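> Here it is, the structure in full.
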Amino acid sequence: MKKVLILEDNPITVVYLKQIIDEMDIKIDIYSFDTVQDAYQCALEHHIDLFLVDVILDTKVPGDTSGLKFIENIRKVQSYVLAPVIVLTA
C-alpha cells in the first residue's frame, strides 16, 4: 500500500487533498500534519511514497518557509533523497 504524507496548516486544504486522493480509487494511507515536527517523526516511522508540502506553515511568522525547510531536512534522510514531493502554496 502506498503512503502519502500531507504537511499543511489549513484544515480545509487538507480535506480537499484527501478527497482528491480518495477519488483515485486505489489503496493509499494518508498521514496529515500541520507541524514539521510531527510530519518528520511520521516520515521516520513509516516509508512515505509521496509528500504534499505547504510552503508556509505559520502565517504569523513573516517570511515563513518552514515547509521548504522540511523538504530540505527530509532530503537528508537516505531513503528520501529521491522521494517525490509536491510543493503547495496559496
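> Report the full-extension gain for the segment V77 to V61: residue separation times 0.36 nm, less the Cα-Cα distance, to one decimal in nm.
3.1 nm
> Given H placed on each backbone N at 1.01 Å, which residues far from L88 in sequence or on other chains put an amide H within less than 5 Å of it?
Sorted by chain and number, the residues that satisfy this are V53, D54, V55.
> Any chance you could run the full-extension gain for K3 through I30? It's 0.36 nm times the residue separation minus the Cα-Cα distance, nm to one decimal.
9.1 nm
> Amide H neighbours of K2 under 5 Å, counting only residues 5+ apart in sequence or on other chains, H built in-plane at 1.01 Å?
Answer set, sorted by chain and number: D29.
> Can you tell me which of 47-59, 14-26 comes out highest on packing, and rank the rest after it, using the mean Cβ neighbours within 10 Å?
Output ranking for 47-59, 14-26: 47-59, 14-26.
> Using a 1.4 Å probe on the protein chains only, how many percent of the accessible area of the chain belongs to carbon and sulfur?
56
> Something else now. I need the shape label for region 28-80. Rule: rounded when a/c is under 1.5, else prolate if a/b > b/c, else oblate, with a, b, c from the alpha carbon gyration tensor.
Prolate is the answer for region 28-80, as a/c is 1.5 or above and a/b outweighs b/c.
> Among the lysines, which fall within straight-line cross-link reach of K76, defined as a Cα-Cα distance under 26 Å, with same-chain neighbours fewer than 8 residues apart omitted?
Counting by Cα, and skipping residues close in sequence, K76 has these lysines nearby: K2, K3.
> Please give the per residue accessible area of the chain, computed with a probe of 1.4 Å over protein heavy atoms only, in Å².
For the chain, the solvent-accessible area averages 64 Å² per residue.
> Still on this structure, I have one more. Consider all pairwise Cα distances in the chain and report the whole-number % of them above 20 Å.
30
The values are calculated or read from the model by the stated rules, or taken from the named source; none is laboratory data. As the structure is a prediction and not an experimental result, all values here were calculated from the model. Cβ sites come from the backbone with ideal geometry, for glycine too, and all protein chains shown count toward neighbours. The accessibility values were calculated without ligands, DNA or RNA, using every heavy atom of the protein model including side chains. Shrake-Rupley method; radii C 1.70, N 1.55, O 1.52, S 1.80 Å.
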